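Written below as structure tokens is the structure these notes are about.
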Amino acid sequence: MKRTLLQLLLLVMICAGFWACNEKDSDNQNTSDGDVDSAVENEQELENIAESEEENLAEEESDLEEESPAEIEIELESDGDLEIEADGDSVENFENEFENENDLQSEQESEIELEQETPAEIDYDEIGNPDYEKNPDLVVLHGPCLIEKRVGVFKVEMNEDRRYTAIDGSARNGVIPVLVPEEAFAEGDCRLLKKRHLFCNPACKSDQTCGFEEVCIQSPLGQDMGVMVFRGLVKFVAIKPIQPGNSYFYSKLSHPGFAENSVIQMATSPGYMGELEMYGIGVHQLTSDDTKWVLKEDEPLVIHWTPAATGARSRIFLEMNIDQHGLTPLNLQCDFADTGEATISSNLINTFISAGVTGYPTGKVTRRTVDSTTANEQCVEFVVSSVRTFAIEVAGHIPCTSDEDCPEPAKCNKTIQQCQ
């Protein structure tokens, strides 16, 4: 009996424990179901908010499409805030226009074609004489300026090394004294020129330069020579002075930029020196079988080139510099007839070498015609030319930039760029 009671008590305890577990599981299940229901409700609320936001955005975009703004404003950051305003329907269109304007501005800074101007602004037929002389034998060429009177040079040049033709030039309101060399030696068609050394005390101000009398003078400045037109090239060209400085430049000619023996006119509208009109003759492109000139003491130098046609009005202008870093460098200049061959005397070569040899020698030959005009003691030139550079070697002298350029045991003196 006692044993039966104990068994019943044990059974009751087991049933009570089982009931308690079921209650706990039920509570947990209810809690889990509540969390799920809450999450579902939250998700539904977020979906409703998102749909509402999408509807609002669609309404705003529709409003923007209906509007027609008159301007688009874009801020660019550089050294400071720069505001740029432009008419347009999109930023993309504005950016394209902005890039095009930049390209145009860059082009105008280097060269300007006045053909784009309206006839009301300029009449080219009133600049120079459109019916100028076309026979090269009848055109008057006045030759180069005296160097101490030359204030400017304008040229149409064929560069045979780089294969291009360009117009280039400028003129100042005076001569820069330090740029007028002194003649050190002359013989035949050649002369040696040395740089002029001028000393002013007290020193000149930033807008001054030392004059011939070693007294400070105002630095000559580039002048507006007017609208400049060129006739007789492969195409008509008209250019304005480029600012600052009033220089003239044009590089859109095909190469060669003119025909041989053609008459080329350069004329200007009223400018610093009034109305100018000068002429040149299209020269034959310069060629030569010489690959290098070797200068030796006690020996003359003979140079060769392909001569111009019989009766051509061109001449050969030679320039040579073998003392790039010297205190008193000399420049060799010669003016030869265009016959295909010329000789520089041994006496002149000796004087040239003895003045000093430093750095890498340079040589240039120009086939050219030169015209000039003078007003108020100031002279400007017009040059039509074909230019080519030549390698130069001075016997016994080896230029260098490092020891590897020198034969042993010599070392490179980098100050004068010579092996020693």
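The values are calculated or read from the model by the stated rules, or taken from the named source; none is laboratory data. Source: prediction; values computed, not measured. Reconstructed Cβ throughout: ideal geometry from the backbone, glycine too, with neighbour counts over all protein chains shown.
Which residues, counting only those in the range 234-288, are without any contact (Cβ under 8 Å) to a residue 60 or more places away in the chain and of a type in the set (S, T, N, Q)?
Selection gives Gln243 alone.
Out of the range 134-185, which residues are under 30 Å from the mean Cα position of the chain (by Cα), farther than 22 Å from Glu213 by Cα and polar (S, T, N, Q)?
Asn159, Thr165, Ser170
Hey, which of the strands (runs of 3 or more DSSP E) in the range 112-212, taking only ones fully inside, have at least 2 residues that are among the hydroxyl-bearing types (Ser, Thr, Tyr) and over 20 Å from Cys334 (Cα atoms)?
Details: elements: 150-159, 164-171, 182-187, 190-194, 208-210.
Qualifying strands (runs of 3 or more DSSP E): 164-171.
Does the range 274-329 hold any residues that are over 29 Å from Val178 (Cα atoms), among the β-branched types (Val, Ile, Thr) and not in a strand (DSSP E or B), and which are they?
The answer is Val283, Thr287, Thr291, Thr306, Thr310.
Would you please list the contacts, defined by Cβ atoms under 7 Å and residues six or more apart or on different chains, that run from a residue in the range 385-412 that is closer than 30 Å to Ser262 by Cβ and in contact (Cβ under 8 Å) with a residue 40 or more places away in the chain to a residue that is among the aromatic types (Phe, Trp, Tyr) and surrounded by 14 or more Cβ atoms within 10 Å (Cβ to Cβ)?
Close Cβ pairs satisfying both conditions: Phe390/Trp293.
Just the residues that are polar (S, T, N, Q) and over 25 Å from the mean Cα position of the chain (by Cα), please, taken from the range 245-267. Let's see the steps before the verdict.
At the first step, the residues of the range 245-267 found to be polar (S, T, N, Q) are 246-247, 251, 254, 261-262, 265.
Hits for the range 245-267 are Asn261, Ser262, Gln265.
For the range 353-369, which positions are in contact with an Asp or Glu (Cβ under 9 Å, 6 or more places away or on another chain) and either over 16 Å from Pro307 (Cβ atoms) or not in a strand (DSSP E or B) (or both)?
The initial filter retains those residues of the range 353-369 that are in contact with an Asp or Glu (Cβ under 9 Å, 6 or more places away or on another chain), namely 353-359, 361-368.
Across the range 353-369, the qualifying residues are Ile353, Ser354, Ala355, Gly356, Val357, Thr358, Gly359, Pro361, Thr362, Gly363, Lys364.
Evaluate the following for Asp323: is it under 30 Å from Gln417 (Cβ atoms), at pLDDT 95 or above, charged (D, E, K, R) and crowded, with 16+ Cβ neighbours inside 10 Å?
Taking the combined requirement at face value, the residue does not satisfy it.
Suppose the filter is surrounded by 15 or more Cβ atoms within 10 Å (Cβ to Cβ) and within 30 Å of the chain's Cα centre (by Cα); does Lys195 pass it?
Values: surrounded by 15 or more Cβ atoms within 10 Å (Cβ to Cβ): yes; within 30 Å of the chain's Cα centre (by Cα): yes.
Yes: the conditions hold for Lys195.
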